[in-house]
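**Q** One structure is given below, represented as structure tokens, and several questions about it will come after.
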Amino acid sequence: MNRSLTILIASVAALAGLVWLTPSGRMRPGLPAAKTDAQGNTTAPPLVVFCAASNRAVMEAVRADYEAEFGVLVNVQYGPSQTLLANLEVSGAADLYLPADDSYLDLGRDKRLIVETIPVAEMHAVLAMAKDSTTKVASLADVLASDLKLVQANPEAAAIGKLTKDLLTEAGTWDAVRERTIAFKGTVNEVANDVQIGAADVGIVYDAVLTTYPKLIAVRVPELANLSAHIAIGVASSSEQPQRALHFMRYLSAPEKGLKRYEEFGFQTVAGDPWTDAPELTLYAGSMLRPAIERTLAEFQDREGVRVTTVFNGCGILVAQMKAGHVPDAYFACDSEFMQQVHDLFPAPTDVSQNELVILVPKGNPQQIKSLLDLSKEGLRVGIGHEKQCAMGWLTQKTLKEGGVQTEVMKNVTVQTPTGDMLVNQMRAGSLDAAVAYLSNAAGSAKELDAIRITNIPCSVATQPYAVAQSAKYPRLAERLQQRLKSAESQSQFESQGFVWKARPATAAVAPKE
Amino acid sequence: MSRMDSVPTTHSRLPRRRVSDAVFFGTMSLLGGSYVLLIVAMLGADAYYTTPGHIRDALLKPEIQYAIRLTLVSCSISAILSIWVATPLGYLLSRYRFPGRWLVDTLIDIPIVLPPLVLGLSLLILFHLRFGDFRLEDWLRKDVGFPVTYAVPGVILAQFSVACAFAVRTMRSTFDEIDPRAEAVARTLGCSRWQAFFYVAFPQAWRGIVTALTIAWARSLGEFGPILVFAGATRGQTEVLSTTVFLELSVGNLEASVAVSLLMVAMAVIVLVVLRALHAEPRS
């Protein structure tokens, strides 16, 4: 019993001692103290990044910079991209996900695991060879003609393997290359490792990977010239601190911050927004859009930790301001006609919604107005939009003209306003008998007003496009606002205001967890 | 030919026996030694690939120092916990026939045969599966204040999950080899089952316990897949030496990964030698 007791006591004592010796799990050389509240508690939990192991070297550098600058603990978990994605799906324990190739982000987005994404860098496929190799290779055909041992990544397991197979299959050389490949490896780094050790003479890898292999050189060959991978980072939909996650994401993708590090590590970076702790966007939008986008804009600002300065006005006035030199970062027009007028400033618009012109009448329609022609009734007080100041007015004139009643109706027009809201106010005040405005203008006045649909005149429907300015200071941020405006939540906001949804179904920007 | 001619004399048999012995030992040594030679050759190749400078550099890195400390502590905790579980379980499986014994026996082998990544994934799913509003990890993290996933306890649990299976197998074999009659005699003399176990069986199982501890510790040291999936490989947090090798390898730092591998070998040798010394038969 004594021996048994001794063993038991010893094991308990050993366990207690080991638990006491267990590292705290917060080792960070050089990390400034995390921000604390008045009670001395750490106010913010660490950011968790799931990062492809191949990006470890550069991510460690960015992480160290970020932690030093902001005193925020960033925990980076490294692993194979697919494994990390599976972990994210099961645990939802990451704020950000940076895979080796953006195809994994697409997969994550399809599974509604990822919300916002930002591109970071590109890598191009090359042949890796030992620096002291005596064989000269200028093309993949040279490799096939030689007795060099070729290794490449498995098409089933690694993105570069799949891309290589697709590219060479299209070129008709895949079978020959496959025949000459002595091994297919699980990752691109394993391919480079094989060449470095000497187990293979040539490997197909990404150029950026070779930065950490000083004994290897990259040989660019024409057969692989069009093969590249895109690295991007995404915010996990399960993140409970999206604003901080997006802060880190903006830091990582800023040219003078994270992208600088990526360049140092041999990556070819993409254009990113300049670094600002809390950037500000300016958005010009037609007045009709205000009720449909206000909530989305507030949510966007809250989630991103940025400020969006909005200018709502008639599109004619907005266009005049832009032509006078006040160009915003983004423009959300009431109708594509007004976007067309500033096409040189906003070259790539995308349609988001549609809104139709209707005839607004007091509840019960006391004047029995059923068509545009009825607006020419003797003594009727009609209000319409100003054709120079807003898209609605311009569209009204076009519709009246198309309907062949322009002259007759204009005789009864007593007021022309720069926005549809003003017409609605005047209708509710009783100063108008009818008004031609957007259906969305009357969305909040269903108790006081009826809307009479204008039929058989296609041009009575306005299309609302959104575009990022060519001169935008933060184009990536403005693009994310676009994604947010095209999200499912935004769609329901638009539809509740009487708009018809035109944007592509919101798979590109899934609903974040709030 | 006389009978005497056909039977070799003792004098003439000696050289033949010597030849036979030489062939025996030569063949056995050649076959068995080839494996030993393979291990020595691999270690030699590792040592040739790296330099003392690489090992020194690795040892000076705070992240590696942290990984060494965490590895030593987590492997030891995992090994001790394995013994605590393996001793009673091995004893029950060895001594008693109970309903579902075959099932328990089979289940214990699952962590051994399961691919390591699957084991890690299973742990991850277990801790994050929702039962209504309850999720084990959320409860541990928020209510108990003891996060497991992607934290140090996750490392220990991942190591324990595999190491314990090996420890149970060892402890069962140990108790199988101990004659149960001594315990039966103790019981006829008035001992309870507890007393029979603690007075008679447990002291005799001492060597088996040390062996199981050794196996569990060594198994924990080499564990990689479940740790990567369940505990992650966060520098300065859940990074143990096996994940360090993976992380260094994944960025092409072969010298560092080999240096860390050799460190692991050195650690394993030291611990195994100490445990073997404890295990050694005392000289009479």
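**Q** Cross-link candidates for A:Lys257: which lysines have Cα within less than 29 Å, leaving aside residues fewer than 8 places away along the same chain?
**A** A:Lys35, A:Lys215, A:Lys473, A:Lys513, B:Lys61
**Q** Another one. If you count only protein heavy atoms with a 1.4 Å probe, what accessible area per residue comes out for the range A:244-286, rounded to a whole Å²?
**A** With the other protein chains kept in place, the range A:244-286 gives 36 Å² per residue.
**Q** Report, for the range A:123-228, the % of DSSP beta bridges that are antiparallel, rounded to 5.
**A** If we restrict to bridges inside the range A:123-228, about 60 percent are antiparallel.
**Q** Cross-link partners among aspartates and glutamates for A:Lys131, C-alpha distance below 12 Å, same-chain residues fewer than 8 apart left out?
**A** Within the straight-line cut-off, A:Lys131 pairs with A:Asp201.
**Q** Continuing with this model, one more query. Run the helix sum for the protein assembly as shown: -39,500 (n - 2.57) per DSSP H stretch of 4+ residues, divided by residue count, reported at 222 nm to the nearest 500 deg cm²/dmol.
**A** -15500 deg cm²/dmol
**Q** Over the Cα atoms of the range B:1-156, what is the Rg over Rh ratio if Rh follows Kirkwood?
**A** Ratio value, two decimals: 1.25.
**Q** Could I ask something else about it? Checking the a/c ratio against 1.5 first, then a/b against b/c, what shape does the Cα gyration tensor give for the range B:50-279?
**A** Because a/c hits 1.5 or more and a/b fails to exceed b/c, the range B:50-279 counts as oblate.
**Q** Would you tally the net charge around A:Val361, using a Cβ to Cβ cut-off of less than 11 Å, leaving A:Val361 out, and scoring K and R as +1, D and E as -1?
**A** Net charge in that neighbourhood comes out at -2.
**Q** For chain A, go through all pairs of different Cα atoms, get the mean of 1/r, take its inverse, and jot down that Kirkwood value in Å.
**A** After inverting the pairwise mean of 1/r, the radius is 27.0 Å.
**Q** Could you give the length gained on full extension between B:Tyr35 and B:Ile125, defined as 0.36 nm per residue of separation minus the Cα-Cα distance, in nm?
**A** 28.5 nm
**Q** Full-extension gain between B:Arg13 and B:Ile270, please, as 0.36 nm times their residue separation minus the C-alpha to C-alpha distance.
**A** Difference between extended and current length: 87.9 nm.
**Q** Separate question: Work out from phi, with θ = phi - 60° and the Karplus expression 6.51 cos²θ - 1.76 cosθ + 1.60, the ³J(HN,Hα) of each residue of the range A:166-179, listed in order in whole Hz, and give x for Gly and Pro.
**A** 4, 5, 6, 5, 5, 7, x, 10, 4, 4, 5, 5, 4, 4
**Q** Roughly speaking, to the nearest percent, how much of chain B's 1.4 Å accessible area is carbon and sulfur?
**A** It is 69 percent, rounded to a whole number.
**Q** Hey, what do the phi angles of the range B:250-256 turn into as Karplus ³J(HN,Hα) couplings, whole Hz, using 6.51/-1.76/1.60 and θ = phi - 60°, x for Gly and Pro?
**A** Each residue of the range B:250-256 in turn: 6, 10, x, 8, 5, 4, 5 Hz.
**Q** Testing the spin-label approximation: label points 7 Å from Cα along Cα→Cβ at B:Val185 and A:Lys370. State their distance in nm.
**A** Between B:Val185 and A:Lys370, the label points sit 11.5 nm apart.
**Q** Step through the residues of the range A:227-239 one at a time and calculate ³J(HN,Hα) from phi using the Karplus curve (6.51 cos²θ - 1.76 cosθ + 1.60, θ = phi - 60°), rounding each to whole Hz and writing x for Gly and Pro.
**A** Here the 3J(HN,Hα) series is 9, 9, 10, 10, 9, 9, 10, x, 8, 6, 5, 7, 4 Hz.
**Q** Can you tell me what share of the DSSP beta bridges in chain A is antiparallel? A percent to the nearest 5 is fine.
**A** 60 percent
**Q** Pull out the extension gain between A:Thr407 and A:Asp166, defined as 0.36 nm times the separation in residues minus the alpha carbon to alpha carbon distance; nm, one decimal.
**A** Stretched fully, the A:Thr407-A:Asp166 segment lengthens by 80.4 nm.
**Q** Hey, another quick one. Taking R0 as 51 Å, what's the FRET efficiency between A:Arg453 and A:Gln241 from their Cβ-Cβ distance, rounded to 0.05?
**A** 0.65
**Q** With label points built 7 Å along Cα→Cβ from the Cα atoms of A:Asp142 and A:His343, find their separation and express it in nm.
**A** 4.8 nm
**Q** Compute the signed sum of charges (Lys and Arg +1, Asp and Glu -1) over the other residues within less than 13 Å, Cβ to Cβ, of B:Gly208.
**A** Its environment carries a net charge of +1.
**Q** Follow-up question, since we're still on this one. How big is the equivalent ellipsoid of the range B:50-100 along its three axes, where each semi-axis is √(5λ) from the Cα gyration tensor, reported in whole Å from largest to smallest?
**A** 42, 11, 7
**Q** To continue, here is another question. A:Trp174 to A:Ala298: FRET efficiency via 1/(1 + (r/R0)^6), r the Cβ-Cβ distance, R0 51 Å, to the nearest 0.05?
**A** Taking R0 as 51 Å, the efficiency between A:Trp174 and A:Ala298 is 0.45.
**Q** Further, regarding this structure: Testing the spin-label approximation: label points 7 Å from Cα along Cα→Cβ at B:Trp194 and B:Val113. State their distance in nm.
**A** About 3.8 nm, to one decimal.
**Q** FRET efficiency for A:Glu264 and A:Ala14, Cβ-Cβ distance as r, R0 = 60 Å, nearest 0.05?
**A** Efficiency for this residue pair is about 0.80.
**Q** Now, a different point. Just report the Cα centroid separation between the range A:365-389 and the range B:108-144, whole Å.
**A** 68 Å
The values are calculated or read from the model by the stated rules, or taken from the named source; none is laboratory data. On a predicted model such as this, the values are computed, not experimentally measured, just so you know. For neighbour counting, all protein chains shown are included, and Cβ atoms are generated from backbone atoms with ideal geometry for every residue, glycine included. For accessibility, only protein heavy atoms count, side chains too; no ligands or nucleic acids. Shrake-Rupley method; radii C 1.70, N 1.55, O 1.52, S 1.80 Å.
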